[in-house]
Each structure stands twice: as structure tokens, then as C-alpha cells.
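Q: Just passing along the structure, written as C-alpha cells.
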């Protein structure tokens, strides 16, 4: 696997080794020992999640508070997404900054997001399947978020508001200045 650092400390782009031939392809999507050695971490994922969405669906920006915070390893099994994270670590030199990564079935890229980040994604193709591992269990009471179109964050989602499908829950999230940290 190839590990690429991003402009935000702790976030990594991971490109797995893909073996292709006339039958198709094979890749090792996760190996705990190799992953932890490569990233110099000690992460133990405890929950896998998967969602299927149509083009234009925007999910996020979500995160969990306190002891329920989650690190995530995300990837696309089918289709394509624009994956976005926002640094919410108050003592970080990149606090309030975001990065976007395109994940697709073609590039097979994975994105590691440590604890302390809001996360969201925009689906760029119909019938996209998005998968992610979490290092902590979901806790509904600690789930919070930030509105996707926050003016201070200025995230370029590449789509107009009219092209987006967003849940009612996500449309009433607070802005970055009023977010719980």
C-alpha cells in the first residue's frame, strides 16, 4: 500500500496494491498489522458501516463528541464520492481547515480520518456504495454536526444547492462558529 500525507496532520490517503488480470482484480482492503505499522498508529476498528446513495446525495458533516469520537477508514466500493473532512481539534494548526478527496471504485483509494474531525461526502454517481470502518461504536446521543454550506468553511461541493439531496436532520445543523466541540 502507498500512504500519502495530506495538508492536515493525521489524515492519510491510502492506495492499496491492486492485482489485475483477465479475471478481474484482487486487493487487500485492510490488514490491521500493515495499516498500523504504515501509519505508525495503534487503531482497532470495531464497527463497519455501509451506505448506498444516489447521485447528488450529500451526507454530513457529522462527528461524535468526547469519548465517543471516531476515527474512520473510508472507501467507495461502487461509484464515486467527494469525501470531505474538517479539522475540529482546537489545538491543531489546521483547526477549521478542510480537505476533499475523490474516492471511487476506479481509484480504489481509501481515506483515513482520525478522531477530532467532522466528516461528510457528496455522491457523484448513482448507486454508489460507500463503506467505512470506525474505531469506536456509534452513540446516537453524542452525534452532532455542522451545516454543509457553512460560509466560514467555504467547502466547494462542486454542485449547486438545487442539485443536492440532503436529509432534514442535516439541513438544520449549526454553523461552524456554533458547533459543539
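Here, each number is a calculation from the coordinates, and none is a lab measurement. Because the structure is predicted, anything quoted here is derived from the model rather than measured. We place every Cβ from the backbone using ideal geometry, glycine too, and count neighbours over all the protein chains shown.
Q: Using 0.36 nm per residue, how much length does the chain from residue 33 to residue 161 gain when fully extended, once their Cα-Cα distance is taken away?
A: 41.9 nm
Q: For the chain, give me the percentage of DSSP beta bridges that are antiparallel, rounded to the nearest 5 percent.
A: On the way: 48 of 50 bridges.
Close to 95 percent.
Q: Another question, then. Once you put a point 7 Å from the Cα of residue 177 and another 7 Å from the Cα of residue 67, both along the Cβ direction, what distance in nm separates them?
A: Placing both labels 7 Å beyond Cα along the Cβ direction yields 3.4 nm.
Q: By average Cβ neighbour count within 10 Å, what is the ranking of 135-145, 79-89, 23-33, 57-67 from highest down?
A: Result, highest mean Cβ count within 10 Å first: 79-89, 57-67, 135-145, 23-33.
Q: Also, I was wondering about something else. Before anything else, pin down the relative contact order of the stretch 124-181: Cα pairs under 8 Å, at least 6 apart, normalised by residue count, whole percent.
A: Values: 27 pairs, mean separation 26.0, N = 58.
It comes to 45 percent, rounded to a whole number.
Q: If you rank 54, 104 by fewest surrounding Cβ atoms within 10 Å, what's the result?
A: 54, 104
Q: Can you tell me, using C-alpha contacts under 8 Å and at least 6 residues apart, the relative contact order of the stretch 45-178 as a whole percent?
A: 39 percent
Q: Using alpha-carbon positions, what is the distance between the centroids of the stretch 148-171 and the stretch 21-63, in Å?
A: Here the answer is 24 Å between Cα centres.
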